[in-house]
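The next block holds one structure in the form of structure tokens; read it before the comments.
The values are calculated or read from the model by the stated rules, or taken from the named source; none is laboratory data. If you're wondering where the values come from, they're calculated on a predicted model, not measured in any experiment. Because the Cβ atoms are built from the backbone with ideal geometry, glycine has one as well, and the counts that use them run over all protein chains shown.
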Amino acid sequence: MTNTAPDLTRREMYAEIRKLCAPDNYTNWFVLVREYAVYFAIVGACVWSTNAMTSAGWSIWWQLPVYAVAVFAIGFWSQTRLAVLVHESSHYLLFKNRLLNDVAANLFVVFPFFGKVGNYRIGHWGHHRNVNDPDHDPDLLRLLKHHPREFPLSRWRFFWEYVLLQFSPHKAFSYLKGRAEYVTFMKKEENIKDQSPLSPNVLKAMRLTYYVCLFGVLIYFQLWPYYLIYWLLPLITVYPASLFLREIAHHGNFPDNGDFTNSRVYEGLWLEKEIFFPFGEWNHVLHHMFPTIPWHKMREAHNLMMRYPPYRDNVVICDGFMFKGHMGDGYPTVLDVLSKPSHTYLRKTETSESDEIRRSTAAEIGTTQEHFGGMLPGES
């Protein structure tokens, strides 16, 4: 359906976007319950299937494909989607109340990955302030240590280096080692303050209590083999490959760090989109422009921004990652973007005016206790 609403001026756009920079304290409770329900459903289905096969006298070799499907499903779906909620919580968007945000985030989406949300927040905010800067973007520097970037590259080379090779043990270890610098160990970024609402002592007590309870239950009820198979195994094999693919889609083969060109918008087939770009990750351009838009308001924000000509005329919309969707030949897949020179799919050149948006919002990150979503530039 063609949008017949009138275009927005810069001031009108800011006024409308400001209304959307408002998380709540209830939406993501449903999301957390749903994601864990899916995870336990995958585990339950695998346990039931393998037990039935064992009872029927089938050897372990016949059961291995069932385990493999479960491990891939957990790594590419459950763990990857929970990791996106780590990202959401780093912007105080999991819940509106900051204390609730960090307590829930640590207990349900960060401690399970052996990290702390405050650690991830500091490094990730550094990425926002220096996106695509080869000397200062912590994400880019981390990924370059993991795997050199030589774009454009052929599709076959992409599948070999960025898909198949990422499942090798040394590549999985390399990616997880870099990720641990964000999530597990304390990281320092210049001019970015630690704004965790939890004191260090409280956080240490929470973390210790969590792991004592977790491993106590696993040992007492003899559940540790299930934990090894259905959590740790996908965590060190499939999970790093999945996250790496998303990060490459977001910022691989970027032309520059402009407002509308530092990343892309991702549409396409539902399943592929839910695997690689759930919870608002499908619009990484808009996330970098306005980091305080909750994931569940991203579609509304995108529709609104399509009425703002600088955004509409410059943003690259991808119709799928590896598989083409139904938007037509005018929309490339992510693989198309990665296989051509970086400026191939740009339609116009950004104006200097547009550069102020992302830089102004990113400049506020980590410098104040105020919610920087209310500090949109260009208003008086």
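Of all residues in the stretch 85-125, those that are in contact with a Pro (Cβ under 8 Å, 6 or more places away or on another chain) and more than 24 Å from Met298 (Cα to Cα) total 0.
Taking the stretch 162-180 as the search range and keeping residues that are surrounded by fewer than 17 Cβ atoms within 10 Å (Cβ to Cβ) and of a type outside the set (A, V, I, L, M, F, W, C), which one is farthest from Lys116 (Cα to Cα)? That would be Ser168.
Summed over the stretch 191-231, residues that are exposed (fewer than 13 other Cβ atoms within 10 Å of the Cβ), among the hydroxyl-bearing types (Ser, Thr, Tyr) and touching a residue at least 40 places away in the same chain (Cβ under 8 Å) total 1. Sub-6 Å Cβ pairs linking a first residue in the stretch 75-102 that is in contact (Cβ under 8 Å) with a residue 60 or more places away in the chain to a second residue that is of a type in the set (A, V, I, L, M) and assigned to a helix (DSSP H, G or I), at least 6 apart or interchain, are Gly75/Val238; Phe76/Val238; Phe76/Ile275; Leu85/Val109; Val86/Val109; Val86/Val110; Leu94/Ala105; Asp102/Val117, ordered by first then second residue.
Contact map, the stretch 327-351: residues that are acidic (Asp, Glu) paired with residues that are modelled with pLDDT of 95 or more, Cβ distance under 8 Å, separation 6+ or inter-chain. Pairs shown: Asp336/Cys318.
For Lys116, the conditions (1) under 26 Å from the mean Cα position of the chain (by Cα); (2) surrounded by 13 or more Cβ atoms within 10 Å (Cβ to Cβ); (3) farther than 28 Å from Ser199 by Cβ all hold with the exception of (3).
Mind checking whether some residue in the stretch 46-58 is in contact (Cβ under 8 Å) with a residue 40 or more places away in the chain and over 26 Å from Pro294 (Cβ atoms)? Yes: one or more hits. Scanning the stretch 103-143 for residues being in a loop (DSSP other than H, G, I, E, B) and aromatic (Phe, Trp, Tyr) gives a total of 1. The residues listed here are Pro234, Pro240, Pro255; of these, the one that is touching a His at 6+ places or on another chain (Cβ under 7 Å) and surrounded by 13 or more Cβ atoms within 10 Å (Cβ to Cβ) is Pro255. Summed over the stretch 265-280, residues that are farther than 16 Å from Met305 by Cα, outside any helix (DSSP H, G or I) and touching a helix residue (DSSP H, G or I) at 6+ places or on another chain (Cβ under 9 Å) total 4. Does Asn97 count as in contact with a Phe, Trp or Tyr (Cβ under 7 Å, 6 or more places away or on another chain), modelled with pLDDT of 95 or more and of a type in the set (S, T, N, Q)? Taking the combined requirement at face value, the residue does not satisfy it.
Yes or no, residue by residue, for (1) aliphatic (A, V, I, L, M); (2) at pLDDT 95 or above; (3) in a helix (DSSP H, G or I):
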site: Ala5; (1), (2), (3): yes, no, no
site: Asn25; (1), (2), (3): no, yes, no
site: Phe40; (1), (2), (3): no, yes, yes
site: Gly57; (1), (2), (3): no, no, no
site: Leu64; (1), (2), (3): yes, yes, yes
site: Val69; (1), (2), (3): yes, yes, yes
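For first residues located in the stretch 143-168 and touching a residue at least 40 places away in the same chain (Cβ under 8 Å) and closer than 24 Å to Tyr182 by Cα, partners that are of a type in the set (Phe, Trp, Tyr) and surrounded by 13 or more Cβ atoms within 10 Å (Cβ to Cβ) and lie 6+ apart or on another chain with Cβ distances below 8 Å form the pairs Leu143/Phe244; His146/Tyr175; His146/Phe244; His147/Tyr162; His147/Phe244; Tyr162/Phe244; Gln166/Tyr175; Gln166/Phe244. For the stretch 44-66, a residue qualifies if it is surrounded by 13 or more Cβ atoms within 10 Å (Cβ to Cβ) and at positive phi, but none of them does.
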